[in-house]
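Enquirer: There's a structure below that I have some questions on.
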Protein chains: 2
Amino acid sequence: MNGKERVIIEHIQPQVDGGAFPAKRIVDEVVQVEADIFSDGHDLLSAEILYRHEQGRKWHVAELLPDVNDRWEGSFRVEKPGTYFFTVQAWVDKFKSWHNDMLKRLEAGTANHTDLLIGVAHITGILETYPDMKQKDSAFLQHVSKEISAKNRKIETRAASLLNHTLLETAVRYPLKDNMVKHPQELAIIVDRKKALFSSWYEVFPRSLGENGKHGTFNDVVRFLPYVSELGFDVLYLPPIHPIGITNRKGKNNNVVAAPGDPGSPWAIGGKEGGHKAIHPELGTLDDFKHLIREAADVEIEIAMDIAFQCSPDHPWISDHPDWFYKRPDGTLQYAENPPKKYEDIYPLNFETDDWKNLWKELKSVFTYWIDQGIRIFRVDNPHTKSFRFWEWTISEIRKDHKDIIFLAEAFTRPKVMARLAKIGFNQSYTYFTWRNSKQELTAYCEELTTSHLKDYFNPNFWPNTPDILPFPLQGAGRNHFVQRLILAATLSSNYGMYGPAYELMENAPALPGKEEYLNSEKYEIKDWNFHKRRSLRKLVSRVNKIRRENEALHNMQSLRFHPIDNDAVIAYSKMSADGRNILLVVVNLDPEHKQGGWVGLPLHAFRIDPDNIFEVYDLLSGSFYRWKGEYNFVELDPHVIPAHIFKIKRL
Amino acid sequence: MNGKERVIIEHIQPQVDGGAFPAKRIVDEVVQVEADIFSDGHDLLSAEILYRHEQGRKWHVAELLPDVNDRWEGSFRVEKPGTYFFTVQAWVDKFKSWHNDMLKRLEAGTANHTDLLIGVAHITGILETYPDMKQKDSAFLQHVSKEISAKNRKIETRAASLLNHTLLETAVRYPLKDNMVKHPQELAIIVDRKKALFSSWYEVFPRSLGENGKHGTFNDVVRFLPYVSELGFDVLYLPPIHPIGITNRKGKNNNVVAAPGDPGSPWAIGGKEGGHKAIHPELGTLDDFKHLIREAADVEIEIAMDIAFQCSPDHPWISDHPDWFYKRPDGTLQYAENPPKKYEDIYPLNFETDDWKNLWKELKSVFTYWIDQGIRIFRVDNPHTKSFRFWEWTISEIRKDHKDIIFLAEAFTRPKVMARLAKIGFNQSYTYFTWRNSKQELTAYCEELTTSHLKDYFNPNFWPNTPDILPFPLQGAGRNHFVQRLILAATLSSNYGMYGPAYELMENAPALPGKEEYLNSEKYEIKDWNFHKRRSLRKLVSRVNKIRRENEALHNMQSLRFHPIDNDAVIAYSKMSADGRNILLVVVNLDPEHKQGGWVGLPLHAFRIDPDNIFEVYDLLSGSFYRWKGEYNFVELDPHVIPAHIFKIKRL
């Protein structure tokens, strides 16, 4: 211990749970760092950030400057994927303290010879500590030192150099870091490629893309790519592509008995053809799949795979590793059950198996197998029903060799469980957006995502529907309502997705009243979608995704701010690009039936708009534009025309 | 690593800065523990608190039960001073999960033979794990096991024992803790004697207690004890009692030149008679001082000493340890200075001295010397101008041998510095109460103290005045105002104090306009107080302190709640004893000039009062009482009679 250390550094941000988990950022982002830094007494301090990429040994340095209330702020840019480490160091700055005290003494006329000599000692210390400093600087410091020492002259004359900035600026570049304190924790930041924060997902069942009622194949997906591309999505997510079990296969509408020809649920994984590393034969071959990955890449679409760690009774693991499953006293294995509900077509894995090491290895190898085939994005099914420690290990192991993999956690469960999955490595997360409808619900939830601890590690992905969920408000809903939810998802969150055909074709029939399942769910049957029918949102989806691509404001979640409007049926919010140049204002009428309007209040100062000047708002959806002035402006939306404005704000 | 562990334990409370510092509690308090506990899947969990006193090796166990949102709650009582450690452990409870699932299956009529056999296996596991369980319990479990196994009977009959509570209750007492997770951190709680949380301080300068204009002595303080006792204080705090320097001694009203006979500031410590372990000769001898400590103890008053680590130019350390001070280039030592202000009568210590180890030891020995003489409470002068690391070490070293010492930090400085001093060991802290006057200011500040992170480690001590501070509102103020601030200090905070004679005698003249110093400050001269003059608050102070002693509600800070009242000039708040039996409602008119009133809203549910029943509020100040009914009741206060009610609430 060095008892001479006087500086305290605490509450460094960003940090997650006291540094137990890394924060998340994306490539090229500027990481804002804050810390409480203070010491006893009233000496002035200096502080700096140390940061490095995991592959670099050398620490880079960035400045920290005091804000208010002993809070210091600084930043650094993260330039490549991987883990960055950073910490903070600070010291009592003797030179700055002396300089500051001298200015006060000079003003009060109390400076004396000895006070000046203290400064000479500091300058001498600097010159001795930095023998290799720039010639120009050492000459300057020697000159000042001599000037200050000139005993026969007036104090004010000797101290003249203190009053211009050169002395302080020069000395600050050669700090004397006596008894410097370095915070002992090296905090981690996981840096992902940009897609972790900005992505547009489209979910489709390949088997429904066949022609003339045939089972669809990967080649059909290739033929479908132009449609997805025209819609403007950049991630095409396929439900599990593995062989589907025959034993206890589910029939249409989740019937416990399958009729002959029923294809079964793609999530009942495994058959005689193999398990999680095999491909359902009717979809095609591994080569077909790799071909699809390449063709998609050509139109800037990534294929996302669905990884669901559960097994049909026909999965090879059942016979090869019966000890990976729960055994019942009668010798049978335990199917999935949430009493009184039973899921006889799937067996859950037992993460308390004594053979957990081999189980973990095998599960990890599923990911690496598909990574080797070219996959970079995984949507993980129900990760909250598998061991947290397994995920933490697997994701960190995979990141060692592959910094570009994105794991999306499909967990619709309790808040703390969802947060934990994000902390232990999932790069994106499904959210409660699906059930947040009113202005109050949307505002509270989005503010939780952007201002609570979640902001540092939880990248939300907003879905208005999934194959499992046709939310109640969309049941029997009309076009207005589908448009409204689409625009909310696509503009509130930088990551969003939709369960495709059902969404743009506005499927709205539930299986049963009071349930959120689709009638004739695609999970249990092959659908014959008429993608080109007139009643489709495809043109609007295409426009919304184009707006997303072209406006950097929508590429982040953090800049989201809600704005007052005197009508609870209308919600208004804005987003801004990091450089402040691109600002979008979105106003949505949440009432699908009636025209609604109100006065929207804008933070003109934050938008850098003069309240006395006219500015323009250009609606990227309709093409119309308005000239506004001042903080409050009137907006009205007719849901039967279009329920939203996506205004680009232009300073004139 | 045990990869079979599935439980996550996080965000345990109480903890300070992620466990970097201990929380604080007092003897006999019940520590409320919370933690987020969950696992993958939907199995039921069990959890418990482990806790122990630092002197005990054995962990005690207390139950944790789930509340909402994966938050678990439990508690344990701390019974003696010292440091307690606690942590949390939890496991997937297979028996409880099976039992819970079975109830659902039985209700749905889906339970089968194998489901029942799983329970038999669990019961067998329990019997094997606890061979020494109570005879009665093992007989019962064996009986149930047999009943459940009876293959020839109906499922419902076999499962009958699941429907009464005995089986679950018995099994829970013999948990199977497979793959239990114990949180790796042992969190610390410093337990103090009650006075750390509940104390009433009176500050007096012994030298002003002499008779016929003579310099007061410890024996004069002994004669003064009945007065302090009648006022009802239990801590009598004396400014430094050490020899006062002669060199550069300050004169009256902080004059830089002392006149002959000027006694100097007691904070300019050290003379030829000695330093921090010596006694100013005019006050008496060490024996006189020890006699005072004993006499005070007889009337349940503790003597608190003032420890100010700074030295007059005549302090022995100056010659014995010149390297403990800042040396100037001219060879002189540096006096205290906050440019352009100079304090030539004191030299600060240099905590960056190379000889810091000896400096720390000597400073610590000052405390242990006075502890050996019988002192248990120290008011530490300006701790924020001395090294934090020094305080942390000293206080923890002293606590090793003395668990009953109370250190009060006299730091009126920035929020984070004050918080840090409390974190590193100070048991009580001066606060900003002195400058919080309006309803909004008082409410916001007190809520920060009772609801932010401060609540776990910062014990506030509210002072309406100090020898250094005559706050602006009290300058020229009348009795109403002094009464108001006294009642606020004494009822908002469980620790409070006053700079005595000046307060109850309502000294209200400032040294200079715009400054908070007293005119003719007692710091620089001997005062001749007329304690028995008519214009005194002594009777009121005596009554307020009696109310404090007799009402347990005022012995804590945590129960403080503010209540709505439709008048910004009136503030209303309540406190409650831990058992909920003693409830006080305080209403203060903050306007010293005009009668003010309003409707006070009370949380009748929290007070366990039926909104349809009449209840009584008995004013402990005036003796009058009122019968109230319902949530809102009217209160009016005339500051010229008395500006406050201290109501005791009685359920009828």
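Enquirer: Given the condition part of a loop (DSSP other than H, G, I, E, B), away from every other protein chain (no Cβ under 14 Å), crowded, with 18+ Cβ neighbours inside 10 Å and over 30 Å from the mean Cα position of the chain (by Cα), answer yes or no: does some residue in the range A:281-303 qualify?
Expert: To start, the set of residues in the range A:281-303 that are part of a loop (DSSP other than H, G, I, E, B) comprises A:284-285, A:299-301.
In the following step, the residues that additionally are away from every other protein chain (no Cβ under 14 Å) were identified as A:284-285, A:299-301.
The next check asks that each one be crowded, with 18+ Cβ neighbours inside 10 Å; those that pass are A:284, A:301.
Next cut, over 30 Å from the mean Cα position of the chain (by Cα) only: A:284.
Within the range A:281-303, one or more residues are part of a loop (DSSP other than H, G, I, E, B), away from every other protein chain (no Cβ under 14 Å), crowded, with 18+ Cβ neighbours inside 10 Å and over 30 Å from the mean Cα position of the chain (by Cα).
Enquirer: Can you confirm whether A:SER396 is within 26 Å of the chain's Cα centre (by Cα), more than 20 Å from A:TRP267 (Cα to Cα) and either in the same structural domain as A:ASN495 (by TED's automatic domain parsing) or of a type outside the set (A, V, I, L, M) (or both)? Step through it out loud before you land on a result.
Expert: On the way: within 26 Å of the chain's Cα centre (by Cα): yes; more than 20 Å from A:TRP267 (Cα to Cα): yes; either in the same structural domain as A:ASN495 (by TED's automatic domain parsing) or of a type outside the set (A, V, I, L, M) (or both): yes.
Considered against the rule, which asks whether it is within 26 Å of the chain's Cα centre (by Cα), more than 20 Å from A:TRP267 (Cα to Cα) and either in the same structural domain as A:ASN495 (by TED's automatic domain parsing) or of a type outside the set (A, V, I, L, M) (or both), A:SER396 comes out as yes.
Enquirer: Run down B:ASP314, B:ASP288 and say which single residue is out of contact with any strand residue (DSSP E or B) (no Cβ under 7 Å at 6 or more places or on another chain) and in contact (Cβ under 8 Å) with a residue 12 or more places away in the chain.
Expert: Values: B:ASP314 fails: out of contact with any strand residue (DSSP E or B) (no Cβ under 7 Å at 6 or more places or on another chain).
Just a single option satisfies the conditions, and that option is B:ASP288.
Enquirer: Taking the range B:556-589, which residues are closer than 14 Å to B:CYS446 by Cβ and of a type outside the set (Ser, Thr, Tyr)? Walk me through it before giving the result.
Expert: Taking the range B:556-589 and keeping what is closer than 14 Å to B:CYS446 by Cβ, we get B:556-563, B:571-575, B:586, B:588.
B:ASN556, B:MET557, B:GLN558, B:LEU560, B:ARG561, B:PHE562, B:HIS563, B:ILE571, B:ALA572, B:LYS575, B:VAL586, B:VAL588 - these are the residues of the range B:556-589 that are closer than 14 Å to B:CYS446 by Cβ and of a type outside the set (Ser, Thr, Tyr).
Enquirer: Can you tell me which residue in the range A:46-82 is farthest from A:ALA196 (Cα to Cα), limited to those that are among the aromatic types (Phe, Trp, Tyr) and either part of a loop (DSSP other than H, G, I, E, B) or in contact (Cβ under 8 Å) with a residue 40 or more places away in the chain (or both)? Write out each step before concluding.
Expert: Initially, the range A:46-82 is screened for residues among the aromatic types (Phe, Trp, Tyr), giving A:51, A:59, A:72, A:76.
Those still in the list that are either part of a loop (DSSP other than H, G, I, E, B) or in contact (Cβ under 8 Å) with a residue 40 or more places away in the chain (or both) too: A:59, A:76.
Working: A:TRP59: 26, A:PHE76: 20 Å.
In this case the residue turns out to be A:TRP59.
Enquirer: If you don't mind, there's one more thing I want to ask. Among the residues of the range A:1-14, write down those that are within 12 Å of another protein chain (Cβ to nearest Cβ) and not polar (S, T, N, Q).
Expert: Of the residues in the range A:1-14, the ones within 12 Å of another protein chain (Cβ to nearest Cβ) are A:1-12.
Scanning the range A:1-14 gives A:MET1, A:GLY3, A:LYS4, A:GLU5, A:ARG6, A:VAL7, A:ILE8, A:ILE9, A:GLU10, A:HIS11, A:ILE12.
Enquirer: Considering the range A:406-423 alone, what residues qualify as being among the β-branched types (Val, Ile, Thr), open to solvent by less than 10 Å² (accessible area, probe 1.4 Å) and within 13 Å of another protein chain (Cβ to nearest Cβ)? Lay out the reasoning, then the answer.
Expert: Step one: list which residues in the range A:406-423 are among the β-branched types (Val, Ile, Thr), which gives A:406, A:413, A:417.
Filter once more, keeping what is open to solvent by less than 10 Å² (accessible area, probe 1.4 Å): A:406, A:417.
If the condition is that a residue be among the β-branched types (Val, Ile, Thr), open to solvent by less than 10 Å² (accessible area, probe 1.4 Å) and within 13 Å of another protein chain (Cβ to nearest Cβ), then A:VAL417 is the only one that fits.
Enquirer: Identify the residue in the range B:22-67 that is within 30 Å of B:GLU552 (Cβ to Cβ) and within 14 Å of chain A (Cβ to nearest Cβ) and, among all such residues, is least open to solvent (accessible area, probe 1.4 Å).
Expert: B:ALA35
Enquirer: Check off (1) closer than 22 Å to A:GLU79 by Cα; (2) at the interface with chain B (Cβ under 9 Å from one of its Cβ atoms); (3) among the acidic types (Asp, Glu) for A:ASP17 and give me the number that stays unchecked.
Expert: Of everything listed in (1) closer than 22 Å to A:GLU79 by Cα; (2) at the interface with chain B (Cβ under 9 Å from one of its Cβ atoms); (3) among the acidic types (Asp, Glu), A:ASP17 misses just condition (1).
Enquirer: Do you know which of the residues in the range B:68-105 that are open to solvent by less than 40 Å² (accessible area, probe 1.4 Å) and touching a helix residue (DSSP H, G or I) at 6+ places or on another chain (Cβ under 7 Å) is farthest from the other protein chains (Cβ to nearest Cβ)?
Expert: My answer is B:PHE95.
Enquirer: Residue under question is A:ILE37, and the condition is that it be under 33 Å from the mean Cα position of the chain (by Cα), farther than 13 Å from A:GLU186 by Cα, at pLDDT 95 or above and assigned to a strand (DSSP E or B); does it hold? Before you say what the answer is, go through the steps one by one.
Expert: Numbers: under 33 Å from the mean Cα position of the chain (by Cα): yes; farther than 13 Å from A:GLU186 by Cα: yes; at pLDDT 95 or above: yes; assigned to a strand (DSSP E or B): yes.
Yes, satisfied.
Enquirer: Being among the charged types (D, E, K, R), at the interface with another protein chain (Cβ under 8 Å from one of its Cβ atoms) and open to solvent by 50 Å² or more (accessible area, probe 1.4 Å) is the requirement here; does B:GLU128 meet it? Before you say what the answer is, go through the steps one by one.
Expert: On the way: among the charged types (D, E, K, R): yes; at the interface with another protein chain (Cβ under 8 Å from one of its Cβ atoms): no; open to solvent by 50 Å² or more (accessible area, probe 1.4 Å): yes.
So B:GLU128 fails the test.
Enquirer: So B:GLU631 fits all but one of (1) in contact with a Gly (Cβ under 6 Å, 6 or more places away or on another chain); (2) within 18 Å of B:GLY580 (Cα to Cα); what number is the exception?
Expert: All conditions pass for B:GLU631, except number (2).
Enquirer: Please find, within the range A:355-375, the residue that is nearest to A:ILE398 (Cα to Cα) out of those that are in contact with a helix residue (DSSP H, G or I) (Cβ under 7 Å, 6 or more places away or on another chain) and within 14 Å of chain B (Cβ to nearest Cβ).
Expert: Filtering first and then ranking leaves A:LYS364.
Enquirer: Answer yes or no as to whether A:LYS4 is assigned to a loop (DSSP other than H, G, I, E, B), closer than 30 Å to A:ALA159 by Cβ, in contact with a helix residue (DSSP H, G or I) (Cβ under 9 Å, 6 or more places away or on another chain) and of a type outside the set (Asp, Glu).
Expert: Values: assigned to a loop (DSSP other than H, G, I, E, B): yes; closer than 30 Å to A:ALA159 by Cβ: yes; in contact with a helix residue (DSSP H, G or I) (Cβ under 9 Å, 6 or more places away or on another chain): yes; of a type outside the set (Asp, Glu): yes.
In short, yes.
Enquirer: Return only the number of the condition from (1) farther than 26 Å from A:CYS446 by Cα; (2) within 14 Å of another protein chain (Cβ to nearest Cβ) that A:LYS403 does not satisfy.
Expert: Of everything listed in (1) farther than 26 Å from A:CYS446 by Cα; (2) within 14 Å of another protein chain (Cβ to nearest Cβ), A:LYS403 misses just condition (2).
Enquirer: Here's a follow-up. Kindly check whether there is at least one residue in the range B:436-452 that is within 21 Å of A:ASP40 (Cβ to Cβ), among the hydrophobic types (A, V, I, L, M, F, W, C) and crowded, with 24+ Cβ neighbours inside 10 Å. Full working, then the answer.
Expert: Of all residues in the range B:436-452, those within 21 Å of A:ASP40 (Cβ to Cβ) come to none.
No: the range B:436-452 contains no residue that is within 21 Å of A:ASP40 (Cβ to Cβ), among the hydrophobic types (A, V, I, L, M, F, W, C) and crowded, with 24+ Cβ neighbours inside 10 Å.
Enquirer: Turning to a different aspect of this structure: Inside the range A:481-599, counting only strands (runs of 3 or more DSSP E) that do not spill past its ends, which hold 1 or more residues that are surrounded by fewer than 18 Cβ atoms within 10 Å (Cβ to Cβ) and of a type in the set (Phe, Trp, Tyr)? Walk me through it before giving the result.
Expert: Working: elements: A:495-499, A:561-563, A:570-576, A:583-589.
The strands (runs of 3 or more DSSP E) meeting that bar are A:561-563.
Enquirer: Here's something else I'd like to know. So, of the residues in the range B:167-184 that are free of Cβ contacts under 8 Å to residues at least 60 places away in the same chain and in contact with a Phe, Trp or Tyr (Cβ under 7 Å, 6 or more places away or on another chain), which turns out to be most open to solvent (accessible area, probe 1.4 Å)?
Expert: B:TYR174
Enquirer: Any residue in the range A:470-478 that is surrounded by 20 or more Cβ atoms within 10 Å (Cβ to Cβ) and within 22 Å of A:GLY18 (Cα to Cα)?
Expert: No.
Enquirer: Could you say whether any residue in the range A:614-623 is open to solvent by less than 10 Å² (accessible area, probe 1.4 Å), at pLDDT 95 or above, aromatic (Phe, Trp, Tyr) and part of a strand (DSSP E or B)? Write out each step before concluding.
Expert: Narrowing the range A:614-623 to residues open to solvent by less than 10 Å² (accessible area, probe 1.4 Å): A:615, A:617, A:619.
Filter once more, so that each one left must be at pLDDT 95 or above: A:615, A:617, A:619.
From the residues that got through so far, the ones that are aromatic (Phe, Trp, Tyr) too are A:615.
The next check asks that each one be part of a strand (DSSP E or B); those that pass are A:615.
Yes, because at least one residue in the range A:614-623 is open to solvent by less than 10 Å² (accessible area, probe 1.4 Å), at pLDDT 95 or above, aromatic (Phe, Trp, Tyr) and part of a strand (DSSP E or B).
Enquirer: Any residue in the range A:565-584 that's in the same structural domain as A:GLY597 (by TED's automatic domain parsing) and closer than 11 Å to A:ILE646 by Cα: show its pairings with residues that are open to solvent by 10 Å² or more (accessible area, probe 1.4 Å) and of a type in the set (A, V, I, L, M) at Cβ separation under 6 Å, as long as the two are six or more apart or on different chains.
Expert: Listed pairs, sorted by first residue: A:ALA572/A:ILE565; A:ILE583/A:MET576; A:ILE583/A:ILE649.
Enquirer: Whether any residue in the range A:333-351 is of a type in the set (Ser, Thr, Tyr), open to solvent by 40 Å² or more (accessible area, probe 1.4 Å) and away from every other protein chain (no Cβ under 14 Å) is what I want to check. Spell out the reasoning first.
Expert: Here is the first cut: in the range A:333-351, the residues of a type in the set (Ser, Thr, Tyr) are A:335, A:343, A:347.
So of that shortlist, the ones also open to solvent by 40 Å² or more (accessible area, probe 1.4 Å) come out as A:335, A:343.
Those still in the list that are away from every other protein chain (no Cβ under 14 Å) too: none.
The answer is no, given that none of the residues of the range A:333-351 is of a type in the set (Ser, Thr, Tyr), open to solvent by 40 Å² or more (accessible area, probe 1.4 Å) and away from every other protein chain (no Cβ under 14 Å).
Enquirer: Go through the range B:311-332 residue by residue and tally those that are closer than 23 Å to A:ARG105 by Cβ and either in contact with a Cys (Cβ under 7 Å, 6 or more places away or on another chain) or within 12 Å of another protein chain (Cβ to nearest Cβ) (or both).
Expert: Count: 7.
The values are calculated or read from the model by the stated rules, or taken from the named source; none is laboratory data. Keep in mind that this is a model prediction, so the values were computed, not measured. Methodologically, a virtual Cβ is constructed for each residue, glycine included, from the backbone with ideal geometry; neighbour enumeration extends over all protein chains shown. Keep in mind that these areas ignore ligands, DNA and RNA; they rest on the heavy atoms of the full protein, side chains included. Shrake-Rupley method; radii C 1.70, N 1.55, O 1.52, S 1.80 Å.
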